[in-house]
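The values are calculated or read from the model by the stated rules, or taken from the named source; none is laboratory data. Predicted model, so just to flag it, every value in this text is computed and none were measured. A quick note on method: Cβ atoms are made from the backbone with ideal geometry, for glycine too, and the neighbour counts reach across all protein chains shown. Remember, those area values only see protein heavy atoms, side chains included, never the ligands or the DNA or RNA. Shrake-Rupley method; radii C 1.70, N 1.55, O 1.52, S 1.80 Å.
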Amino acid sequence: MDRIGVRLLVLLFCISITLCTVAEDIPEDCGEQKSRMLESGEFEGCKVTEDQKTVKRVALVLGASGETGKEVLQQLVNRPEYSRIVSIGRRQLDLPSDPSYERVEQKVVDFDHLEKYSAEFEGVDAAFCCLGTTRAKSGADGFVKVDHDYVLQAAKLLKANHCPEFHLLTSKGSNENSWLLFPSTKGKVENDVTALDFDHLSIYRPGLLLCDRKDRRFFENILQSLARYTDKSSWWSVPTDVVASAMVITSLKVEKEKV
């Protein structure tokens, strides 16, 4: 099956995410429905070998305070392949008291002066970027600053510190040529991060994210309720834990190709 066919299969039958793997193709046998996920959280055909589990890795998470970032952090602490997990954020998070979270190191930074924190980005094997805000919350300029500028600056620091792989969460419909701010900003940050030439870059474009957000707005609540009852096949919506699982599992795949 060619590259376009694989992407379509993943979009329709996996988790409504276009795994826009700039650095790698998605194996055909991973393009299954999310119901084919194993209880351990692995997709059939993407299992991690025993030899790989002996290699301890360092992960870095940006945006762990958000709904998807929170899920990525949980997925990572449950994976023995990651011996150290660095969470970069504006403030300390109240993490679960579970012993597995003892591997998480929280680093508080000023994103407006991120270049001062280069040392916090050293020694990372895989970075997961879930940074994001909304125009309603931060205004147009604030949205671009977070979803583009902060993301790109963090990616540059990781690249400068020789991080080999970057996993970027954007959104379905990302398009730098769009007249709309949201898809345009997402498309631009995808292109700018791609230009950094990471050894392995995966871009995830989910549709409507399904989660139990505490501050969920009225119309968002309506959309999420509608999606849960009508979008059983994840055509235009996807739970945040499924997105997080795809990101972490992709980072553990053995064979990865550079563009």
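For a 24 Å ceiling on Cα separation, which of these pairs sit above it: Lys107/Lys188; Lys116/Lys145; Lys107/Lys172? Please list the in-between numbers first.
On the way: Lys107/Lys188 27 Å; Lys116/Lys145 18 Å; Lys107/Lys172 30 Å.
Result: Lys107/Lys188; Lys107/Lys172 exceed 24 Å.
Just order 86-99, 149-162 by mean Cβ neighbour count inside 10 Å, highest at the front, would you?
Details: 86-99: 14.1, 149-162: 19.4.
Highest-to-lowest ranking by the protection proxy: 149-162, 86-99.
Sort His113, His200, His167 from largest to smallest accessible area, using a 1.4 Å probe on the heavy atoms of the protein chains. Could the numbers behind the result be given before it?
Details: His113 80, His200 40, His167 5 Å².
Accessible-area ranking of His113, His200, His167, largest first: His113, His200, His167.
Ignoring everything but the protein chains, give the 1.4 Å probe accessible area of Ser83 in square angstrom, nearest 10.
So the heavy atoms of Ser83 present about 60 Å² to solvent.
Of the listed peptides 123-136, 184-197, what is their order by residue-averaged count of other C-beta atoms within 10 Å, with the highest listed first? Present the calculation step by step, with values, prior to reporting the outcome.
Numbers: 123-136: 20.6, 184-197: 18.6.
Descending mean neighbour count gives 123-136, 184-197.
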